[in-house]
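I have placed the structure first, in the form of structure tokens, so that the comments after it can refer back to it.
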Amino acid sequence: MSDEITVELLKHINKSILVKLKNLKTINGILINFDPQMNLILDKVDDVTDKDKKIDLGKVVLRGEQHIDSFSVK
């Protein structure tokens, strides 16, 4: 993971982020922690792929760059 991404992620610990997955799902949750392989731990996660229906997923661990397409801060 580049230093730029690490710096940005550190700024957003305990804040809400929106993550787009390579399987075309979109989830929203609180960033709890991450590691150099870009594995993310999120809490209070909702699947927001369908804007009319949120699905509560609770706490989620995302395994790195192979599953994450992009993420943004709300």
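A short reminder: the numbers here are calculations on the coordinates, not readings from a lab. Just so it is clear, the structure is predicted and the values come from calculations on it, not from any experiment. Counting neighbours? That spans all protein chains shown, and the Cβs are built from the backbone with ideal geometry, glycine included.
The table that follows gives values for the structure above.
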read-out	value
Expected 222 nm ellipticity per residue - DSSP helices of 4 or more, -39500 (n - 2.57), all of the chain, to 500	-4000 deg cm²/dmol
Built amide H within the under 5 Å cut-off of Asp69, gap 5+	Lys20, Leu21, Lys22
Choice from Val45, Val61, Val19 with maximal GNM fluctuation in the chain (Cα, 10 Å cutoff)	Val61
Table column - 3J(HN,Hα) (Hz), the range 43-56, Karplus curve with 6.51, -1.76, 1.60, x for Gly and Pro	10, 6, 8, 10, 7, 10, 4, 8, 4, 8, 8, 8, 10, 6
Under Karplus coefficients 6.51, -1.76 and 1.60, residue-wise ³J(HN,Hα) of the range 9-17 in Hz, glycine/proline x	5, 4, 5, 10, 4, 6, 10, 6, 10
Nitroxide proxy distance, nm - points 7 Å out along Cα→Cβ at Ser72 and Lys20	0.8
Model label zone, Ser2; criterion: amide N under 13 Å from point 7 Å along Cα-to-beta-carbon; scope the range 11-43	none
Stretchable slack from His12 to Asp46, in nm (0.36 nm times residue separation minus alpha-carbon distance)	10.5 nm
Sequence-separation-based contact order of the chain, relative, with Cα cut under 8 Å and 6+ spacing, percent	31
Spherically averaged projected area in nm², based on the convex hull that wraps the Cα atoms of the chain	4.4
